[in-house]
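Report on the following structure.
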Amino acid sequence: TTAGSVAQPKFSYFNDPVASSTYTGRVVWKEGQSIFAVDFTVGAGNTVSVQNKRALYLASACCVLDLSEDGRTVYFSDTNTSISKLDVALPNNPPTSPTTVYALSDQTWYFASASVNGNETQLFATKNGAGANSGGSQLVRIDLATATEMRLREWLPHTGYGANPFFPSANKHGEGVAFIEYIEGT
């Protein structure tokens, strides 16, 4: 595993279109290379029913993990240089096989974090440098329909500084992304 950020747990909570009085939630997280989920429902009177922990995928890489707004798709690092998606659908159905949504052609970068927007058309990611790019980082927007990448910000390698962890967070209800940008001397 390449050094970098560690994927944080992700959470989704939405109205169940089949049972309009029920809300469904899902939490996903990584334990080592495995991705796990716990699903729950909140019904009348705020009654919470929790399903058992289940394994979704057993061979992910460091460091990307995100969940679609409706909780039905998990985005994750399949390798350190590729991001895949896994359709997890309903709690009692097994997940599908993962599908690669984007792979880096330049192996001197690896994915450190990513966030998908609400309609799952764009993925915002931090790429950290390795080898010749060590200490550098980029914030990129990946168009998932065309598998094209646009660089939004770049942190060049600096003596005495590590990579800038942009930690993007895509707007799940509209356009845009929030991110952290380090300013030297602050």
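Summary of values
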item	result
Estimated dipole of segment 92-186 in Debye, rounded to 20 [Cβ of Lys and Arg +1, of Asp and Glu -1, Cα centre]	100 debye
FRET efficiency estimate (nearest 0.05) - Cβ-Cβ, THR99 to ASN171, R0 30 angstrom	0.80
Listed peptides 174-186, 140-152 by packing density, highest first (mean Cβ within 10 Å)	140-152, 174-186
Sequence-distant residues sharing a close amide H with VAL101 (under 5 Å, placed H)	ILE83, SER84, LYS85
Net charge over other residues, Cβ less than 12 angstrom from the Cβ of SER113 (K, R count +1; D, E count -1)	+1
Protein accessible area in segment 46-106, 1.4 Å probe - carbon and sulfur %	48 percent
Mean Cα-pair separation over length for segment 34-111, i.e. relative contact order, pairs under 8 Å, 6 or more apart, %	21 percent
Mean accessible surface per residue for the chain, computed with a 1.4 Å probe while every protein chain stays in place, in Å²	51 Å²
Net charge over other residues, Cβ less than 11 angstrom from the Cβ of ALA61 (K, R count +1; D, E count -1)	0
Selection from GLY174, ILE35, LEU139, by position along the positive dipole direction of the chain (Cβ)	ILE35
Proximal aspartates and glutamates relative to LYS85, as straight alpha-carbon distance under 16 Å, when same-chain residues fewer than 8 apart are discounted	ASP66, GLU69, ASP70, GLU120, ASP143
Environment charge at ASN128 (Cβ cut-off 14 Å; Lys +1, Arg +1, Asp -1, Glu -1)	+1
Computed lengthening from TYR182 to ASN52, 0.36 nm per intervening residue step minus Cα-Cα distance	42.8 nm
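The values are calculated or read from the model by the stated rules, or taken from the named source; none is laboratory data. The shown structure was predicted, so the numbers you read here are calculated from the model rather than taken from an experiment. For neighbour counting, all protein chains shown are included, and Cβ atoms are generated from backbone atoms with ideal geometry for every residue, glycine included. Just the protein is used for accessible areas: all its heavy atoms, side chains included, with ligands, DNA and RNA removed. Shrake-Rupley method; radii C 1.70, N 1.55, O 1.52, S 1.80 Å.
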